[in-house]
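A quick write-up on the structure given underneath.
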Amino acid sequence: MLADLMSRSRDFRADRRIDSRSQSNWQCDGEPRIQLPRCCGLVVRMLGLLSIALGAACNPGSNVAAADSKYAHSDSNARYIHHIDLYDINNRKITPESDQPYSPLNTCGRCHDYDTIAHGWHFNAFMNDSVDGRPGEPWIWTDARTGTQLPLSYRDWKGSFDPAELGISRWEMTHQFGSRLAGGGVAVAPEDVPDPKTATESDSEADPGDAEASQAAKDQANAGPAKPNRWRLSGSIEVDCMVCHASSGVYDFNTRREQIEDENFAWAATAALRLGTVKGSVSRIKDDADPSDESTQQKLPKVTYDARKFELDGTVFMDVIREPHNNACFQCHSQRTVTEAGIEHRWMHDEDVHLRAGMQCVDCHRNGIEHHTVRGFEGEQNPASTLNPTSTSTLTCSGCHLGDEQNSSTIAARPGRLGAPYPHHHGLPPLHFDKLSCTACHGGPVPREEAVRIMTSLSHSLGTKEHRTGFELPAIAGPIYSKMEDGKIYPQRAIWPAYWGSLSDGKIQPLDPASTYDLTRRSLRVRRDFVEEIIAPKLGSSDRKKILGDDRYRAPEEELTDEERDKLATAQKEAGTESFNEKVAASLESLEKELKIETAVYVSSGFVYRRGEEEKTVAQVPREEIQNAEAIEMTTWPIAHNVRPAGWALGVGGCTECHREDSVIFASTVQSIGPGPDQGTRVTMASLQGLDPNQSLVWNQLFVGRSSFKYLMATSILVLCLILLVGVGAMASRLAGHHRHHPPAA
C-alpha cells in the first residue's frame, strides 16, 4: 500500500509538471486546461512529500526493489530494443507532421521512473537534500572580455561560490553551462517562478519542502532587480536520457550545444538525435515577448521531423544502450595538458591504464535506476551502500585491488574485483598508505618540475571545433600535490578566481558576472579578450620602430635577437600596466556609481585591486585587510584520471625518487596564474602540504646515502662475523691444545 501511495504521488507530480508547462509555455491551440488552485496544489504536494518521506524512512537507500516498482523491467543482460512512440512537450504523440520538440520526460518517463532518475548525481546539485561528497570540478564562469574566471557550485564545496548568492539565475546558469549538463535539476524551469511583470509578494512564497521552489525563491531573493523570465520562451532542458544512453555516434553533442547557445533549451534533445531539423532561435526574441501571443508563436523554433525516422505504425527506433559508452563520458570528462609550447599532442599521452585493458568508464562508475553514480573515492556516501556495503567500497582503488578489510569475511569483499591485480608494494612501509592517496603515485598527468596548465571539457569546451592555443581562460594548473580533509596527499587541479567584486568591512563579495560586461563595457573598451587587449597589448609599428630602429622593426619574430625580444617584452609590459591602470580604474569607478557600492575591486591571481588615490591608477589591497581570504585563494579539486601503469608510478625508482631535494611530489612548484598583470611567486608542493622545509631537507638527506649506508652496514656485519669466526676458531684451537697438554685423569 505504501509503495502504491508513493507511485501515485510520483504520478501526480509528473502530471502536474506536464500540465503546468502545457498551460504556461506551450499552449498553441488555445484550448483551456483545468488548473488546481494554488492552495490545493500545495496540500496535495505536501501529501506527496509525506508519502515520500515515509518511504525513505522505510528504505533509506532509496533503492526500490524491482518487484515493488510499478514500471515493467526486462531483467535480462540482453539489450532491450526500443521501437517507441515519441511525445512532445505538450504530451501529444509525435507524427511526421508535428512541429513541437520531443520531450524525454513525456516519452522516456512513460516506462522509466523519471523522478527517481532526476535525483541522481548528475542532476541533483541544486537539491537541498543532496549529498555534496568530495569536491569536484566547479562550474567556472568565464568571460574573456572582463577577465573573469569564477568557480561556482550549488554544492557546499570549499572555494566555490553559490550562484544564487551572487544573483545568478538558474536560467543564466543553464545558458552558460547547459551544453555540459545532462538536463534536469538547475536546467528545469522552476514551477513557482512568477512572471516578473505580474509578480507579487504572495506569489514569491514557496513551499520550503520543495527543492526546486526553494532554490527558485533563493534565486529571486539574491537576484536584486528582477531579471527577464526567459524560461517561458526557451523551455527547459529535461533529463535527456540519450545523452548517455544513445549508442555511440547517434547523439550529436555539437548540435545540442548550438541549440542551447541559441536559447532553444526545449529543442536541444530533438536536434541532437537528428529526429528532424529545428528552425528558429529564441535568442532573437525580445525579453518582453508574450509566449501566448500569436506573433511570438510564429517566432518560436519549429521542428520539421524526418519522416524516414518513423515506422509504419508511427513508432521510432531509439538506439538505446543500457551501459553508456566511453565517448559519452568523454564529452564532459576529458583533459589536455598545456606547456609553454602550447597544447600537448594527444599521441604523446597514453590513455588510462584501465581503458587500455579494455574496461569501460561504467565498470567502476556504475549506478542503478536511482542514478547515484559511484564516484569511487574512499568514504563515499552512496545510497546503494546501505543495502550492500561492498557494492561501492570495492569500487575504490584500494577496494578493487586490495579488498574491503571491514567486510573481509565476505567473498565479494576480497581483492581482485574485475580481475584487478594485487599490488604487493614490496619494501614500501605501511605509513605511506596513511599519508598518500593511491592517485598520489598512480594518477593524473606525469608530474614535472613545475605544474602545467590544464584544459578540461567542462571549462574549455573540449569537443567543440575551435582554434585553441591552450592559454585561454580559465587558467587551471596541475598537478598540485596537497592535502585534503582526510590528511592524505592527492594530485589536484587548481584555479585562482578572477572577478569583479565589492569590498565592505574587509570582506570581498563577487558581483554577478552575467551583468559585469554590460556595466564595464564602455570603460574597459574590450571587444574580445581582456588579456590580449589590456594586459599584453600588441605593439604598433611606430612602437616597434622606436624600440628596434628603422632597419629592424619589420624583422620577423624568428629573426629577432634575444636582446631585441627582451626590449619588446619590456615595452609591452609597460604598455599593459598603463592600460590596466587606466581602464580598470575607470571600470571600478563606474561600478561604484552604477551599483552604489563603497569600494569596487578586481581580483586576480590572489591579488585585489581597488582605485588608487590618483586618477587613472589602481592600488593593491593589503592581504591583512581582507577578512575572507578564501574568496581570493586557490581553489582545488582532486585528479583521478588518467591512471598510469605501475611502471610509471612514483616511487618505482626507489625511495630517493621521492625522498630527495628535487623530488616532484615535494619540490615541484606552482605559481598563481590569472588574467591580471601580477602573478604570484612560485611555491613548492611541500609548503602547500604544510611541511617544514628544514625538517624535509634533513629527512631527505638521510635517504641520499641510504644505498651506500646499506652496503656499509652489510660490509661491517660481514667483517664483524669474520672477526667473531676467527675469534671462535682461536678459542677452539686453544681449548684443543689445552686438552692435549693436560689430558684428563684416568
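A few comments on the model shown:
- Residues satisfying the stated conditions in the range 343-357, i.e. surrounded by 12 or more Cβ atoms within 10 Å (Cβ to Cβ) and either over 18 Å from C397 (Cβ atoms) or in the same structural domain as R644 (by TED's automatic domain parsing) (or both): I343, E344, H349, D350
- Complete set of residues in the range 562-601 that are under 19 Å from S504 (Cα atoms), of a type in the set (S, T, Y) and assigned to a helix (DSSP H, G or I): S587, S590
- Scan of the range 279-312 for residues that are under 14 Å from I94 (Cβ atoms) and touching a strand residue (DSSP E or B) at 6+ places or on another chain (Cβ under 8 Å), ordered by number: K302, V303, T304, Y305, D306, K309, F310, E311
- Among residues of the range 260-311, those that are over 18 Å from I237 (Cβ atoms) and assigned to a helix (DSSP H, G or I), counted: 10
- Selection within the range 131-163 - of a type in the set (V, I, T) and either part of a loop (DSSP other than H, G, I, E, B) or closer than 23 Å to D486 by Cα (or both): V131, T146
- From S457, S461, residue being touching a Cys at 6+ places or on another chain (Cβ under 6 Å) and over 25 Å from P677 (Cα atoms): S457
- Where K538 falls short, out of the listed (1) assigned to a helix (DSSP H, G or I); (2) under 22 Å from I673 (Cα atoms): (1)
- Residue count, the range 132-170 (criterion: under 16 Å from the mean Cα position of the chain (by Cα) and not hydroxyl-bearing (S, T, Y)): 22
- Just one of the listed residues (D543, D551) is in a loop (DSSP other than H, G, I, E, B), over 36 Å from the mean Cα position of the chain (by Cα), over 17 Å from D678 (Cβ atoms) and not small (G, A, S), and it is D551.
- None of Y499, Y517 is closer than 21 Å to L152 by Cβ and surrounded by fewer than 16 Cβ atoms within 10 Å (Cβ to Cβ) except Y517.
- In a residue-by-residue description of the range 645-657, the property of being assigned to a helix (DSSP H, G or I), hydroxyl-bearing (S, T, Y), surrounded by fewer than 17 Cβ atoms within 10 Å (Cβ to Cβ) and at pLDDT 90 or above applies to no position.
- Residue in the range 251-283 that is surrounded by the fewest Cβ atoms within 10 Å (Cβ to Cβ), counting only those that are within 17 Å of T304 (Cα to Cα) and of a type in the set (K, R): K279
- Some residue of the range 343-356 being touching a residue at least 24 places away in the same chain (Cβ under 8 Å) and within 27 Å of N124 (Cβ to Cβ): yes
- Residue among T396, T410, T390 that is at pLDDT below 90 and surrounded by 14 or more Cβ atoms within 10 Å (Cβ to Cβ): T390
- Candidates T439, T469: the one that is surrounded by fewer than 13 Cβ atoms within 10 Å (Cβ to Cβ) and touching a strand residue (DSSP E or B) at 6+ places or on another chain (Cβ under 7 Å) is T469.
- If only residues of the range 358-387 that are of a type in the set (S, T, N, Q) and surrounded by fewer than 20 Cβ atoms within 10 Å (Cβ to Cβ) are counted, the one that is nearest to L418 (Cα to Cα) is Q360.
The values are calculated or read from the model by the stated rules, or taken from the named source; none is laboratory data. As the structure is a prediction and not an experimental result, all values here were calculated from the model. So basically every Cβ, Gly included, is an ideal-geometry build from the backbone, and we count neighbours across all protein chains shown.
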